[in-house]
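Worksheet: the structure to be examined is printed underneath.
The values are calculated or read from the model by the stated rules, or taken from the named source; none is laboratory data. Since the model is a prediction, treat every value here as computed from it, not as a measurement. In this analysis, Cβ positions are derived from the backbone assuming ideal geometry, glycine residues included, and neighbour counts consider all displayed protein chains.
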Amino acid sequence: MYEDLRSFFVGNVIINNQPFNENKISNCKLDYFLSVLKNFPDSLFKYYSNITEEKNKNYSKTAIFENTVYLNEPKNFNDPYDCNLVGDIVEFKRSRINFYLKYLGYELDRKDIDIDIAIDVLSNKIHENSISKGIIFSLSDSLEEYVRLQLKLFENNLRNYFDEYRDWRKAIHRTIEDEMKKFVICCFTKTNNNLLMWAHYANNHKGFCVEYDLSNKDILKELEYMIFPVIYSLNRKDAFDNFKLYCEELSGEVCWNLYRDGILRKSYHWLYENEFRLIMNSKSSKSIKFYPIKAIYFGCNMIEDDKKDIYNKLKDKNIKFYQANISKDKYEIDFDDYKN
């Protein structure tokens, strides 16, 4: 069975439980993806662990009490391939150094120059400008707005790290490393009854699952165009060139190519999750208001005190409550109305 599944993915991908030809998706534009593939759902689900941490903090409860969701950095995900863009990290750093040197009126002699030497060159130019002009970049009106924003952001972050390290080289290293963390993501699914997800993400069924109501898209119109289905595939795409371009020219096409070939791609082994992703810029707030909660499903191993606490605080919010139960004759979950 597993070999048959792998064979299927040799020339195909799965998006929102639908099969598509790999080549067609690899070349598709954003408009096609949104109009034909997206099929924006009326409900999305998210599993919560319901773990109470130190200082009696329970971030799962906070999320539903405040109707917020948390966007995480991909480095914290449980899949090391997730958002791990194929490419040369040193080459990325070198390209960013070249980008900033360009706006300092300097160009490196060699494209393959040692990265430490390149950082020394940039450090010296920054130090010269900082001493002689009091600023690092001269932001003329002729610059494109996105370039101006990048240079401003780089200078602000650089100065913050310089205040910490008192060393331009270390500050450059940290600032460029931060640039590789361009996105934060919140993960959802289209199913509330997946046994593996209850085990992995809901603390072995001790947590709960939340159903969000997306039927009224006008409530948070801006989020509709930030939520995408994951592309499950066998092959990884080298999205690193797109990532470098994204850092230099923010265009819809470049951004979409990076999403399609990198941020939205996962191994077919994760197909059971049927995931949708909310993707935002890393400079956004990591905790944001989300669509209204439609229902909460308590795990079959969830303690009664936690269920009562959630029910009593949210019972007047037009939210339905359900209790998950182990099916007597199938490896499935049955849901009944929660009775307080």
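For N204, the conditions (1) closer than 14 Å to F40 by Cα; (2) modelled with pLDDT of 90 or more; (3) exposed (fewer than 15 other Cβ atoms within 10 Å of the Cβ) are fulfilled apart from (1). For region 69-93, give me the residue count where each residue is farther than 25 Å from L234 by Cα and over 16 Å from the mean Cα position of the chain (by Cα). Looking only at that region, the number is 4.
Here's the yes/no breakdown for (1) touching a Cys at 6+ places or on another chain (Cβ under 7 Å); (2) outside the structural domain of E66 (by TED's automatic domain parsing); (3) surrounded by fewer than 18 Cβ atoms within 10 Å (Cβ to Cβ); (4) farther than 27 Å from I15 by Cβ:
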{"residue": "E275", "(1), (2), (3), (4)": "yes, no, no, no"}
{"residue": "N281", "(1), (2), (3), (4)": "no, no, yes, no"}
{"residue": "S287", "(1), (2), (3), (4)": "no, no, yes, yes"}
{"residue": "G299", "(1), (2), (3), (4)": "no, no, no, yes"}
{"residue": "E304", "(1), (2), (3), (4)": "no, no, yes, yes"}
{"residue": "Y322", "(1), (2), (3), (4)": "no, no, no, yes"}
{"residue": "K328", "(1), (2), (3), (4)": "no, no, yes, yes"}
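Restricting attention to region 39-96 and to residues that are in contact with a Phe, Trp or Tyr (Cβ under 9 Å, 6 or more places away or on another chain) and basic (K, R), the residue that is nearest to D306 (Cα to Cα) turns out to be K61. In summary, strands (runs of 3 or more DSSP E) completely within region 1-83 and bearing 3 or more residues that are over 20 Å from M226 (Cα atoms), in the same structural domain as Y268 (by TED's automatic domain parsing) and not β-branched (V, I, T) occur at 18-21. How many of the residues making up region 117-159 are of a type in the set (S, T, N, Q), surrounded by 14 or more Cβ atoms within 10 Å (Cβ to Cβ) and either farther than 16 Å from G105 by Cβ or touching a Gly at 6+ places or on another chain (Cβ under 8 Å) (or both)? Total satisfying the criteria: 2.
What are the residue pairs meeting all of these: first residue in region 167-196, first residue among the hydroxyl-bearing types (S, T, Y), second residue in a loop (DSSP other than H, G, I, E, B), Cβ atoms under 8 Å, and 6 or more apart or on different chains? So the pair list comes out as T189/N274; T191/N274.
From the list D114, D88, exactly one residue is exposed (fewer than 15 other Cβ atoms within 10 Å of the Cβ), modelled with pLDDT of 85 or more and of a type outside the set (S, T, Y). Which is it? Walk me through how you get there before you give the answer.
Numbers: D88 fails: modelled with pLDDT of 85 or more.
D114 is the lone residue from the list that is exposed (fewer than 15 other Cβ atoms within 10 Å of the Cβ), modelled with pLDDT of 85 or more and of a type outside the set (S, T, Y).
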